[in-house]
Amino acid sequence: MNVELRQVHDSDLPVFYRQMNDPEALHMAAFTPKEPADRDAFDAHWAKIRSSDAVVRTVLADGDVVGSAAVYGVPGEREVTYWVDRAYWGKGIATAALRALVTEVPERPLYARAASDNAGSLRVLEKCGFRTVATASGYANARGAEIEETVLLLEG
């Protein structure tokens, strides 16, 4: 499968919205918007990040929009995030997309966070060179509870 990143187009947003409302994906991601079905909040969030200094990309697999990936935050504390449609999990797409993103954004350090029980996401991050540096707890909207998250770092 050919995985590429490109600029986000307005036509990608309905796909992202649908993906963000998959109950199983929301549970796995854990740290999600409080009301993912609130389309106005979704649109406001995407307008904000697209106008910021974040590096935001659409993930394509064989030309199909399958997710998004981004680097955001202040220098020295920048963080990666990504979302891949559940139908494409386990195919190496998230790993390929994240590798492309960290190649495009050479600044280091980069941080990442994942629910500690999200083995798939933790494996993606490790394959891309991130290493665990801490654990923390935080309120996970998708689970309605405080859970453990793993903090990872990519250096050099």
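The values are calculated or read from the model by the stated rules, or taken from the named source; none is laboratory data. From a predicted model like this one, the values you see are computed outputs, not experimental measurements. Because the Cβ atoms are built from the backbone with ideal geometry, glycine has one as well, and the counts that use them run over all protein chains shown. We work out accessible area using only protein heavy atoms, side chains counted, and drop any ligands, DNA or RNA first. Shrake-Rupley method; radii C 1.70, N 1.55, O 1.52, S 1.80 Å.
Considering only protein heavy atoms and a probe of 1.4 Å, how much of the accessible area of the stretch 13-156 is carbon and sulfur, as a whole percent?
Carbon-and-sulfur percentage of accessible area, whole number: 51.
Which whole-Hz couplings ³J(HN,Hα) result when phi for each residue of the stretch 77-85 is put into the Karplus expression 6.51 cos²θ - 1.76 cosθ + 1.60, θ = phi - 60°, listed in order with x for Gly and Pro?
Ordered by residue, 3J(HN,Hα) equals 10, 5, 10, 9, 8, 7, 8, 10, 3 Hz.
Tell me, what is the FRET efficiency for Ala145 and Glu35 to the nearest 0.05, using R0 = 22 angstrom and their Cβ-Cβ distance as r?
0.85
When DSSP beta bridges are limited to those with both residues in the stretch 1-150, what percentage is antiparallel, rounded to the nearest 5?
In the stretch 1-150, approximately 95 percent of DSSP beta bridges are antiparallel ones.
Could you work out the relative contact order of the stretch 61-156, using alpha carbon pairs under 8 angstrom and six or more residues apart, expressed as a whole percent?
25
Among all the aspartates and glutamates, which ones have a C-alpha under 16 Å from Lys127's C-alpha, if same-chain residues fewer than 8 places away are not counted?
Cross-link targets: Glu155.
Sequence-distant or interchain residues sharing an amide H contact under 5 Å with Glu149, placed H: which?
It is Ser116, Ala136, Ser137, Gly138, by chain and number.
What FRET efficiency do you get for Met1 and Asn21 if R0 is 25 Å and r is their Cβ-Cβ distance, rounded to the nearest 0.05?
It comes out at approximately 0.55.
Using +1 on the beta carbon of Lys and Arg, -1 on that of Asp and Glu, and nothing else charged, what's the dipole of the chain about the Cα centre, debye to 20?
In debye, rounded to 20, the chain gives about 280.
So with the 1.4 Å probe, I'd like the accessible area per residue for the chain, rounded to whole Å².
52
Please turn the phi angles of the stretch 138-147 into ³J(HN,Hα) values with the Karplus equation 6.51 cos²θ - 1.76 cosθ + 1.60 (θ = phi - 60°), one per residue in order, whole Hz, x for glycine and proline.
x, 7, 9, 4, 5, 10, x, 7, 7, 9
Along the principal axes of its C-alpha atoms, what lengths does the stretch 24-156 span, in descending order and rounded to whole Å?
Taking max minus min along each principal axis of the Cα atoms, the stretch 24-156 gives 38, 34, 31 Å.
Excluding Ile93 itself, what net charge comes from residues whose Cβ is under 15 Å from its Cβ, given Lys and Arg +1 and Asp and Glu -1?
Charge balance in the 15 Å sphere: +3.
Please identify every one of the GluC sites (Glu not before Pro) in the stretch 54-115 that sits in a loop by DSSP and has no more than 10 other beta carbons within 10 Å of its own beta carbon.
Qualifying residues, ordered by number: Glu77.
Run down the aspartates and glutamates and flag those whose C-alpha is under 19 Å from the C-alpha of Lys91, throwing out any fewer than 8 positions away in its chain.
Glu4, Asp22, Glu24, Asp62, Asp64, Glu126
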